[in-house]
1. Condition first: closer than 21 Å to residue 64 by Cα and free of Cβ contacts under 8 Å to residues at least 24 places away in the same chain. Now tell me which residues in region 1-21 satisfy that.
2. Can you pull out every residue in region 3-43 that is exposed (fewer than 13 other Cβ atoms within 10 Å of the Cβ) and under 30 Å from residue 89 (Cα atoms)?
3. Please state which of the following conditions residue 123 fails to meet, knowing it meets all the rest: (1) at negative phi; (2) out of contact with any strand residue (DSSP E or B) (no Cβ under 6 Å at 6 or more places or on another chain); (3) surrounded by 16 or more Cβ atoms within 10 Å (Cβ to Cβ).
4. Identify all residues within region 1-43 that are more than 18 Å from the chain's Cα centre (by Cα) and closer than 26 Å to residue 81 by Cα; write none if there are none.
5. Please verify whether region 83-100 includes one or more residues that are surrounded by fewer than 17 Cβ atoms within 10 Å (Cβ to Cβ), over 12 Å from the mean Cα position of the chain (by Cα) and within 30 Å of residue 125 (Cβ to Cβ).
6. What's the total number of residues in region 44-75 that are over 19 Å from the mean Cα position of the chain (by Cα) and either loosely packed, with under 14 Cβ neighbours inside 10 Å or closer than 30 Å to residue 9 by Cβ (or both)?
7. Can you find even one residue in region 75-88 that is out of contact with any strand residue (DSSP E or B) (no Cβ under 9 Å at 6 or more places or on another chain) and on the phi > 0 side of the Ramachandran plot?
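The values are calculated or read from the model by the stated rules, or taken from the named source; none is laboratory data. Just so it is clear, the model here is predicted, and its values are computed rather than measured. All Cβ positions, even for glycine, are placed from backbone atoms using ideal geometry, and neighbour counts span all protein chains on display.
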């Protein structure tokens, strides 16, 4: 039973870095025209097609790099939990995922900063 829970927590912990790498690659190809369904959608990024493309290039590179950098520490942390109690595995895995989600939210800051430096509020290049 413990090994199945460990496998489950391993998959859950690796899901976020894997998702970031996947969408990082996807964003580098830029999801076409501005839309409200798929992509890096903020007021600044959706101000113009040029800002949209720029935001996806910046965010894509950042997410791909961040996902790769989070992969090894996340895997190592889960390997260290192998053989622990279910409660310990669950609590530590929850902590790892919380850190990963926090990292995702903090990636918004450099993307928005780059947009602000390069585009005005209407999406026109500075």
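1. 11, 15
2. Correct list: 3, 4, 7, 11.
3. (1)
4. 1, 2, 3, 4, 5, 6, 7, 8, 9
5. Within region 83-100, none of the residues are surrounded by fewer than 17 Cβ atoms within 10 Å (Cβ to Cβ), over 12 Å from the mean Cα position of the chain (by Cα) and within 30 Å of residue 125 (Cβ to Cβ).
6. 2
7. Yes, region 75-88 contains at least one residue that is out of contact with any strand residue (DSSP E or B) (no Cβ under 9 Å at 6 or more places or on another chain) and on the phi > 0 side of the Ramachandran plot.
For (1) in contact with a helix residue (DSSP H, G or I) (Cβ under 8 Å, 6 or more places away or on another chain); (2) modelled with pLDDT of 95 or more, each residue gets a yes or a no:
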residue	(1), (2)
2	yes, no
20	yes, yes
30	yes, no
51	yes, yes
63	yes, yes
73	no, yes
